[in-house]
Amino acid sequence: MPRHLWIALAMSLTSIVLSGAVGDQPHAAAPSVPLAPEVAIDNFTFGPTEVKIPVGTTVTWVNRDDIPHTVVNTDKAFKSKVLDTDDKFSFTFTRAGKYPYFCSIHPKMTGTVIVE
Amino acid sequence: MFHDSEKDEDALPSDQHGDGVDRRGFLKCMAWAGTGAFFLMEGGVLKSYALGRAAAGAPSNELSFVQISDSHMGFNKAANPDVIATLKTAVDKINALATPPEFMLHTGDITHLSKPEEFDTVDQVLRDARPKDVFFVPGEHDMLDDDGRQYLERYGKGTKGAGWYSFDRKGVHFIGLVNVVNLKAGGLGTLGAEQLAWLRDDVAHLKHSTPIVVFAHIPLWSVYPQWGWGTDDSAQALSLLKKFGSVAVLNGHIHQTMQKVEGHVTFHTAASTAFPQPKPGAADSPGPMKVPAEQLKSILGITDVTFVRGKHALGIIDSSLA
């Protein structure tokens, strides 16, 4: 191959390697919660009991308990069907506010989603 | 087996009730009663009850019925992979009772997920039971997803509100209450104002001597509030029944037998026919409790109840399925 083409190839390879090493993400601070937070239901408990998220986030509840549960907001903004083991329920929070919720089968189980 | 107070050498000096049934005599009779736990509501009944049991049929002044509870049809996890089999065993036990019960009470959590096929299966299994009349009250597992529409379509005929009602048998007044709807976050079972108002009217015309049996799913006394094992307005219901000389409260929900006597009121919870749950506080949560397979049937059970009219007395025998 002609010499100038070798140089071009070497430079492209170098730039590819360099960009790979540095990474191609913007240098912003990492978000404090994952973009798709999950609440695990187990042992008659919502874990974590409190989740803080920005507006527009979707929260997913997963039932890992051996007994069915539900996820019901006290102000009726969301209400899941009954979730047996391994069933999931998701809700996207489009408005800021505090969303206390509980399991309508076992009302002692409570949690909160805080949307900022 | 007789307890004759004049000849009873075991009578304690302080026989508080003067009924001839002292502690040692009571324990003797408990041993006779067998594997079940036998509780007296009032003294004086023991003699008649023993005679009733020994006879082939029930004396005419006796009313005998069975309570079953928490069949959770549809449950299939480790604690019991076959709840149909254990319900069938319960029916076999009922059919083997020396005195055939006149009817059955089911104190709720008939199904596990309120599915039509789950209700159908319970109906099918119970059809093999000798007592043909079954009176239900719903558990929280029977009111999922459709605000109780499935349950009310099947068992709501003649009931009010979320499914409460009353009926009479041999002079005993039975009241079925529903405390599993409109549950509030962080709360316990609840009866609600409408049901309490109905209850007040329902018993208003009854004589004080009428024996009362109340049955509901969640206990109407504070068994263990931390696990939701109680009803927030049960005190109001019980105060409406204050005038009666004999009140029995039969509940389920906690999947173990428990008993309490308070004045004229006897509280009793039945075992489940599906799976056991831990004793209050004995585990992190009140979920299904796994036991070795060979022990399962000894922790599930039925309850046989006998009223002896004229004595205002109630005999309750809990028997396991083993």
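Quick note: the coordinates plus some simple rules give every number you see, no bench work behind them. Predicted model only: the values in this text are computed from it and were never measured. Every residue, glycine as well, gets a Cβ built from its backbone with ideal geometry; the counts of neighbours run over all protein chains shown.
What does the average come to when, for each residue of peptide A:54-67, you count the partner chain Cβ atoms lying within 10 Å of its Cβ? Present the calculation step by step, with values, prior to reporting the outcome.
Values: counts 0, 0, 0, 0, 0, 0, 0, 0, 0, 0, 0, 4, 8, 12.
The shielding value for this peptide is 2.
Dipole magnitude of region B:87-203 about its Cα centre, charges +1 at Lys/Arg Cβ and -1 at Asp/Glu Cβ only, in debye to the nearest 20? Could you put the intermediate results ahead of the total?
Details: 14 positive and 19 negative charges, 81 e Å.
The dipole of region B:87-203 has a size of about 380 debye.
Cα centroid distance between region B:77-91 and region B:201-276, in Å?
Taking the Cα centre of each part, region B:77-91 and region B:201-276 sit 26 Å apart.
Return the average number of partner chain Cβ atoms within 10 angstrom of each residue Cβ along peptide B:278-291. Mind dumping the intermediate values first?
On the way: counts 0, 0, 0, 0, 0, 2, 4, 9, 5, 7, 3, 0, 1, 0.
Partner Cβ neighbours, averaged per residue: 2.
Between their Cα atoms, which of B:115/B:279; B:132/B:297; B:260/B:290; B:93/B:157; A:52/B:77; A:108/B:260 are more than 32 Å away from each other? Working shown, then result.
On the way: B:115/B:279 29 Å; B:132/B:297 24 Å; B:260/B:290 26 Å; B:93/B:157 29 Å; A:52/B:77 34 Å; A:108/B:260 24 Å.
Among B:115/B:279; B:132/B:297; B:260/B:290; B:93/B:157; A:52/B:77; A:108/B:260, the Cα-Cα distance tops 32 Å for A:52/B:77.
Residues of A:100-106, mean number of Cβ from any other protein chain within 10 Å of their own Cβ, rounded to a whole number?
On the way: counts 2, 1, 5, 4, 9, 8, 7.
Per residue, the number of nearby Cβ atoms from other chains is 5 on average.
Between residue B:220 and residues 5 or more places away or on another chain, which pairs have amide H atoms under 5 Å apart, with H built 1.01 Å from N, and which residues are they?
Here the answer is none, since no amide H 5 or more places off falls under 5 Å of that of residue B:220.
So how do B:117, A:38, B:140 line up by other beta-carbon neighbours within 10 Å, fewest first? Please list the in-between numbers first.
Numbers: B:117 10, A:38 14, B:140 23.
Ranked by crowding around the Cβ, least crowded first: B:117, A:38, B:140.
Taking 41 Å as R0, compute the FRET efficiency from the Cβ-Cβ separation of residue B:224 and residue A:95 and round it to 0.05.
Details: r = 38 Å, r/R0 = 0.92.
The value I calculate is 0.60.
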